[in-house]
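Scroll down for the structure; my scribbles are underneath it.
The values are calculated or read from the model by the stated rules, or taken from the named source; none is laboratory data. Only a predicted model underlies this, so the values are computations on that prediction, with no experimental measurement involved. Every residue, glycine as well, gets a Cβ built from its backbone with ideal geometry; the counts of neighbours run over all protein chains shown.
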Amino acid sequence: MTLVGRFFMKAFAIVEVEMIKIRRDPTEILSRAIQPALWMLVFGQVMQHAKAIQTGKLAYMDFMAPGILAQSVLFTSIFYGLSAIWERDLGILQKYLVSPTPRSALVTGKAISAGIRGLIQSLFVYALSLALGVQLNWNPVSLLGGMVAIVLGAAFFSTFSLIIACIVKSRERFMGIGQVLTMPLFFASNAIYPISMMPTWLQVISKVNPLTYQVDLLRSTMIVGGTQAFSLGVDIAVLFGATIVAILIAARLYPGLAS
Amino acid sequence: MSLLETHSLTCAFDDLIAVDHVTFNVEKTEVFGLVGPNGAGKSTMIKVLTTLRRPTSGTAIICGHDITQNPAAVRSMIGYVPQMVSADGDLTARENLMLYSKLVDVPSGERKSRTLEALEFMNLADVADKRVRQFSGGMIRRLEIAQSMLHRPAMLFLDEPTVGLDPVARASVWEHIMQLRDTYQTTILLTTHMMEEVENLCTKIGIMNHGKMIAIGTASDLKTASGNPDATLDEVFIKFAGAEQATPGGFEQAARSRRTARRLG
Ligand SMILES: Nc1ncnc2c1ncn2[C@@H]1O[C@H](COP(=O)(O)OP(=O)(O)O)[C@@H](O)[C@H]1O
Ligand SMILES: [Mg+2]
């Protein structure tokens, strides 16, 4: 087997294990459906009627659905590092690290798993959107684009979370930081209002926030008449680049979590 | 040449020197027992040898590879069972083994047969498809040892393989370790804080205390060196290590090892 083949064989060994775990205990992933439902049913409906947020020709519900999808993936992914700390507290991580598997393959496996988890979660948001009359775009190419946005967003934020875990090392500190980070990441993005509505300083922050590019890509692919602030190429390039950089950093820091 | 040799190996945590200029060799097919009280530095020594932690100074050569120069090559030659639980409780025994056979480069055509062989070798064939969460401490340990042997490593590191096990489970783990050595000619380095364990299992013993290797030899070498050939190993140990001292970190150590014991039991 080539080096690259072996790398992905090992990464997918990690993915396979995560899939087995999701299949055995789907309750955790099911419970993740509640939060987006609240946002869309309460916040979305109120804002739609209030017409407080200018979204051009798009109905507010249509505008916000991709943002809520991205949010639901973000809120799960950002706590992904917790499982790494858990694996460290047992001896599972130590054993992985002593095997002749490149650290980057382990980290990539985790990132891909988070991506697949994100896809499963987005099924709920799609179902919810359908029920609420959001104009979904079923064009296969658009669907594929949406899947790319979901997988890359989940892969980036889960790896970012792993990096935090490797730095703070303890469960308590990790939970603290995770909670502090989620809301700012969400609000400093175009998830529930367009960038053009933001004060300049917030625009600057949201333009370095990968969530913005994930939402942008989703907004142009998920709904009928969806608009895009950046181009498809920019969105994908930013998300993919950020994910690769995060994986490289995490692979370097990962061994430190064990010692 | 020895399979493992350390050269003034040292590992410090800030101002605590957990492994202090240790030099020793382990020969091929030896079962080397590293014994010492909690906090002696045994686990740290194993973490450095298995490349989990870089030494502060000094080095070790395992199967001809330097742990600081070429840790990746070292990792392909060794197996490791950590002191903590390292099998995944949410998976079955078979799934644990299949996953690990991929991580350690068992050729794809042999993964199923090696997994089956490992299950049979460790007397786990009839619980192969049960979740590890439901296993007893002894079964978990046997599974972990099976995992670490899938790629037939030349050298195996077992950190406190019987901590927290009842006497029956402990005897079964001992028996399987011996069988493994006889079948695959694996060289083994294990740690323990029980003299009985090294007496039963080990061809050579190293006594560690406060990060230093204070005596090395066969059981009878050590007894002779202690000045009383009829001494028990416990007496030998007390002779070399001295009476218990109140070392800092004792509380944390006790908490940690008991937590481990509870998980395993
Ligand atoms: N990650 C760590 N950070 C700081 N000190 C540590 C760490 N790991 C171990 N120690 C300290 O190093 C010493 C040796 O520990 P260890 O190698 O676990 O001993 P043993 O395995 O013989 O019980 C102890 O005093 C312990 O408190
Ligand atoms: Mg120990």
The conditions are (1) within 14 Å of ligand 2 (Cβ to nearest atom); (2) modelled with pLDDT under 95, and residue B:29 fails exactly one of them. Which is it?
(1)
Does residue B:101 satisfy the condition of being in a helix (DSSP H, G or I) and within 11 Å of chain A (Cβ to nearest Cβ)?
yes
Kindly list the number of the only condition in (1) away from ligand 2 (no atom under 15 Å from the Cβ); (2) more than 18 Å from residue B:218 (Cα to Cα); (3) under 16 Å from the mean Cα position of the chain (by Cα) that fails for residue B:160.
(1)
Of residues in the range B:15-43 being within 15 Å of ligand 1 (Cβ to nearest atom) and polar (S, T, N, Q), the one farthest from the other protein chains (Cβ to nearest Cβ):
B:38
Can you name the residue in the range B:165-195 that is out of contact with any Pro (no Cβ under 8 Å at 6 or more places or on another chain) and at pLDDT below 90 and is also farthest from ligand 2 (Cβ to nearest atom) among such residues?
B:195
Close pairs (7 angstrom Cβ cut-off, 6 or more residues apart or separate chains): without any contact (Cβ under 8 Å) to a residue 60 or more places away in the chain in the range B:14-41, among the charged types (D, E, K, R) and in a strand (DSSP E or B) anywhere:
B:25/B:5
Looking at the range A:158-172, is at least one residue surrounded by 21 or more Cβ atoms within 10 Å (Cβ to Cβ), under 15 Å from residue A:217 (Cα atoms) and not hydrophobic (A, V, I, L, M, F, W, C)?
no
Restricting attention to the range B:89-99, does a residue exist that is touching a helix residue (DSSP H, G or I) at 6+ places or on another chain (Cβ under 7 Å) and surrounded by fewer than 17 Cβ atoms within 10 Å (Cβ to Cβ)?
yes
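Answer yes if at least one residue in the range B:44-52 is aliphatic (A, V, I, L, M), away from every other protein chain (no Cβ under 12 Å) and assigned to a helix (DSSP H, G or I), and no otherwise.
For the range B:44-52, residues aliphatic (A, V, I, L, M), away from every other protein chain (no Cβ under 12 Å) and assigned to a helix (DSSP H, G or I): present.
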Quick check on this structure: which one of A:74, A:93, A:119 is within 14 Å of chain B (Cβ to nearest Cβ), in contact (Cβ under 8 Å) with a residue 12 or more places away in the chain and touching a helix residue (DSSP H, G or I) at 6+ places or on another chain (Cβ under 6 Å)?
A:93
Which residues, taken from the range B:193-213, are among the polar types (S, T, N, Q) and outside any helix (DSSP H, G or I)?
B:203, B:209
Would you kindly identify the helices (runs of 4 or more DSSP H) lying entirely within the range A:179-259 that contain at least 1 residues that are surrounded by fewer than 16 Cβ atoms within 10 Å (Cβ to Cβ), modelled with pLDDT of 95 or more and touching a Lys or Arg at 6+ places or on another chain (Cβ under 8 Å)?
A:232-258
Over the range B:32-49, the set of residues near ligand 2 (Cβ under 9 Å from one of its atoms) and β-branched (Val, Ile, Thr) is B:44, B:46
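Quick check on my filter: what residues within the range B:48-67 are buried (at least 16 other Cβ atoms within 10 Å of the Cβ) and out of contact with any helix residue (DSSP H, G or I) (no Cβ under 8 Å at 6 or more places or on another chain)?
If the condition is that a residue be buried (at least 16 other Cβ atoms within 10 Å of the Cβ) and out of contact with any helix residue (DSSP H, G or I) (no Cβ under 8 Å at 6 or more places or on another chain), then B:48, B:49, B:58, B:59, B:61 are the ones that fit.
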Could you go through the range B:186-197 and let me know if any residue there is within 14 Å of chain A (Cβ to nearest Cβ) and of a type in the set (A, V, I, L, M).
yes
Give the number of residues within the range B:104-118 that are facing chain A (nearest Cβ under 9 Å) and either of a type in the set (S, T, N, Q) or farther than 16 Å from residue A:99 by Cα (or both).
1
